[in-house]
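Please read the structure below before turning to the comments.
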Amino acid sequence: MSTSTTSAPPGTQDQPPARAAPRRGKRANARTSWRRALRRDWRLYSLAILPLLFFLVFRYLPMIGNVIAFRRFEPGGSLFGEDWVGLRYVRMFLSDPTFWQVFRNTLWLGGLTLVFCFPIPVVLALLLNEVRRRSLKRFVQSVSYLPHFLSIVIVAGITLQMLASDGPVNHVLGLLGHDPVRFIQEPQWFRALYVGSEIWQTAGWGTILYLAALTTIDEDLYEAARIDGANRWQQIWHVTLPGIRPTMITLLILNVGTFMAVGFEKVLLLYNPLTYPTADVISTYVYRAGVESSSFSYAAAIGLFEAVIGLVLITSANTLSRRTVGTSLW
Amino acid sequence: MVKPSRSYRVFQGVNGVVLTLVVLVTLYPFVNILARSFSGERQIRAGEVTLWPKGFNLTTYKIVFQDAMFWRNYGNTVLYTVVATAIAMVLTTCYAYVLSKKQLKGRGVLVGIAVFTMFFTGGLIPNYILVTSLGLKNSVWAIALPNAISVFNLLVMKAFFESLPTELEEAAQIDGLSTYGVLLRIVLPLSKAVVATMVLFYSVSFWNSWFSAFLYMDHSDLMPVTVYLRNLIAGATGGGNAGAATAELSQVGASIQAVTIVLTALPILCVYPFLQRFFVSGVMLGAVKG
C-alpha cells in the first residue's frame, strides 16, 4: 500500500487525529485508521462491492477451480470436484500421444509467430517514421490498423476466402501456370496460413507503441549524430534503435509470455480435421477434450500445465532482461 | 556518402513502394470481399472476381436478407452488445472511480486485485464449469457477466479520473453532495469524453466477440451474428467429408459468406474513424500507466 491516511482530508474533523498514540505500535495504529477510513469513505467502498464480487466470482474462483485438475470431477457435481486423485490426470496426458503432438504444434506456431510477428512492426514503424508527408503517413496507418478492429471471425472468413481454391491467391498462381493449391485442407500449409493471417491482422496495430516511442527521441541526438558524420543508416542504428529499445524489450517479454497461448480462437476458426496434424494446439485440444468430450478434469490438467509454462516463461524472460539490459515489466 | 541526399532520395522511393505494397496487401482482401458480395456465383467460381464485381447482381443480398435466422442473430448481437456494454460501464466506472481516490485506504490492494488478473487467469475449463453451474447458459448473462470489467479499460478510466481537479469535488462535498452525488452530478458530466471512449471500446469488443456465445448458447436462435458467420465458414470448409458435395457447398457458400462478412463488419467500419482515434490515445495512456 503506497497510500496512508496521515494527512486528514476535509470532513474528518470529528475524529481527533492524535488519539492513536504512536507508542501503541503499528498494529493499533492501522486498526484505528481502518475504522476511520471506513467511517469516512464507506460510500466509496460501497461502490467497490459489485466490482469486487465480479473479480472474486469470475476471475479468482476459476483460478481456485483449477484444483479439479487433481480431483475427479462429476458433471453436475461440485465446482471443485469430488475427491483427490493426485497426479492421475497429469500422468494421463503425459502418456497421451495426442498431447505430445499438440505440444509440438504449439511450440511451432508460437515460435513462428514470435519470429515473424515481433520484428515486422518494428521495421514498419521505422519505415513509417521516415515518411515526411503527414497525410500519407496517417493514411498508411489508418489502413494498416483496420484489420485489428474486426471480429476474428471476419478475419478468419477473409483468410479462408482469399486462400480458397477459387480465391485470389490461387488465381495468381493460375496465371503463373501453377495448379491450384488446397491451402485450407493441406496440413503442411496450416502454419504459413496461420502466421500469414496473423501478420496481416496485427502488423499495423503493432506499430503504435513503437511510433509513440519514436516521437520521444530527442531531435538533438540526430543533430549530434549528423555533426559526427553519421549517415542515415548509422543514425537509425545508433540513435533510433537504442531509443525504442525499452519498448522493444517490453513487447518481447509480453510476446514470450503469450508464446504458449497461441491464438486459440483463430486456430479454432481456421483448422479442420484434415489439418489437425499441424494445426491442433494445446488450447484447442483442451477445448475438445473438456467441452466437447466432457473430460473436465483431464482437460483442466492440460490447461493448467499450459498456464504454468506461460507464467514460467514470462517470469524468466523478465528476469533475464532485467539482468542483461536492465529493462523489465516489474 | 558523397551525395547523402541522393541515396536518401533512393531510400525514400523504396520506402514509398514498400508502404504502398503494405496498403495494397491490407486493403485488397476487403475490396475483393466487397466485389464478391455483388458478383455472380459463376464468376466467383471461375476466379474472375478481383477488384470489381463481375456479373453484378444483388441475389445473394436478397437471400441473406430473407433469411429469418440471419436477422434473428443480428438482433441478438445488438441485444448482447447493449446489455453487456451497459453492465460493463456501470462496474468499470464505479471501480475506476474508487481506484482514482488516492487518499483511500487499501487502494493499493484494490488495484492489485484487478491487475493480477491480467497476468494469471483461471483457464477455459474452470470458467466453463463455473458459468454452467451458475445456470447462466443460454442467457445474455453468460456473455455479459464474465466479461464485465476489462482491466485495461479500467486503468484508462482510472487515469482519466485522477487527472480531474480534486478542488471541484471538494467544493461539491462542502456544498452537501454525497460521494454518489459527486460521482453522478460532477465527475460523470466532466468525463463525457472518456465515457464515450469506453462505451466504444466495450461495444466493439462485444460486437466482435463470438466465443462466449459459441460456448454457452445451445440453440441457433440465441447465437450472435458472428457465430452465424462462423457456422457458414465451418460448413463450407469442414474437411471431414471433403468430397464433391462439400466442394459444391463451398462454392455456393462463397458469395453468401462474402455478404455476411460485409454486413457483420459494416457497423464497425462506420464507427472506425472515431474508433481509431480513441483507441490510439487509449493505448498510449494504458501503455504509460500499465
Inter-probe distance in nm under a simple model that places probes 7 Å from Cα toward Cβ, at A:Leu50 and B:Val18: 5.0 nm
Separation between Cα centres of region B:113-142 and region B:149-228, rounded to whole Å: 20 Å
Overall Cα dimensions of chain B - principal axes, largest extent first, Å: 74, 74, 34
Per-residue ³J(HN,Hα) for region B:209-219, Karplus 6.51 cos²θ - 1.76 cosθ + 1.60, θ = phi - 60°, Hz, x for Gly and Pro: 6, 9, 5, 4, 5, 4, 6, 10, 9, 9, 10
Helical contribution to [θ] at 222 nm, DSSP H n ≥ 4, -39,500 (n - 2.57), averaged over chain A, rounded to 500: -20500 deg cm²/dmol
Amide H within-cut-off set for A:Arg71, under 5 Å, with H built and near neighbours excluded: A:Val85
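Give me the inter-chain shielding for B:61-67: mean count of other chain Cβ atoms within 10 Å, whole number please.
Working: counts 0, 0, 0, 0, 0, 0, 0.
Going residue by residue through B:61-67 and averaging, the value is 0.
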Mean Cβ neighbour count within 10 Å, used as a protection proxy, ranking B:74-86, B:221-233, B:146-158 highest first: B:221-233, B:146-158, B:74-86
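Add -39500 (n - 2.57) for each DSSP H run of 4 or more in chain B, then divide by its residues: what number comes out at 222 nm, to the nearest 500 deg cm²/dmol? Display every interim value, and only then the final one.
On the way: 13 runs with 210 residues, N = 290.
Only helices count here, giving -24000 deg cm²/dmol.
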³J(HN,Hα), Karplus 6.51/-1.76/1.60, whole Hz, each residue of region B:196-202, x for Gly, Pro: 4, 4, 5, 4, 5, 4, 5
Shielding by partners - mean other protein chain Cβ count within 10 Å, residues of A:142-148: 6
Amide H contacts of A:Asn231 (H built 1.01 Å from N, under 5 Å, at least 5 apart or other chain): none
3J(HN,Hα) from dihedral phi, region A:226-242, Karplus parametrisation 6.51/-1.76/1.60, rounded to Hz, x for glycine, proline: 5, 5, 6, x, 7, 7, 3, 5, 5, 5, 4, 5, 9, 10, 5, 4, x
For region A:84-325: relative contact order, % (alpha-carbon pairs under 8 angstrom, 6 or more apart): 30 percent
Net charge of neighbours whose Cβ lies under 15 Å from the Cβ of A:Leu50, counting Lys and Arg as +1 and Asp and Glu as -1: +2
Other-chain or far-sequence residues with amide H under 5 Å of A:Gly167's (modelled H): none
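With r defined as the distance between the Cβ atoms of B:Glu162 and B:Leu184 and R0 fixed at 30 Å, what FRET efficiency is calculated, to the nearest 0.05?
0.95
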Surface share of carbon and sulfur [accessible, 1.4 angstrom probe, percent] for region A:84-325: 64 percent
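The values are calculated or read from the model by the stated rules, or taken from the named source; none is laboratory data. Predicted model, so just to flag it, every value in this text is computed and none were measured. Heads up, the Cβs are rebuilt from the backbone with ideal geometry, glycines too, and the neighbour counts pull from every protein chain shown. We work out accessible area using only protein heavy atoms, side chains counted, and drop any ligands, DNA or RNA first. Shrake-Rupley method; radii C 1.70, N 1.55, O 1.52, S 1.80 Å.
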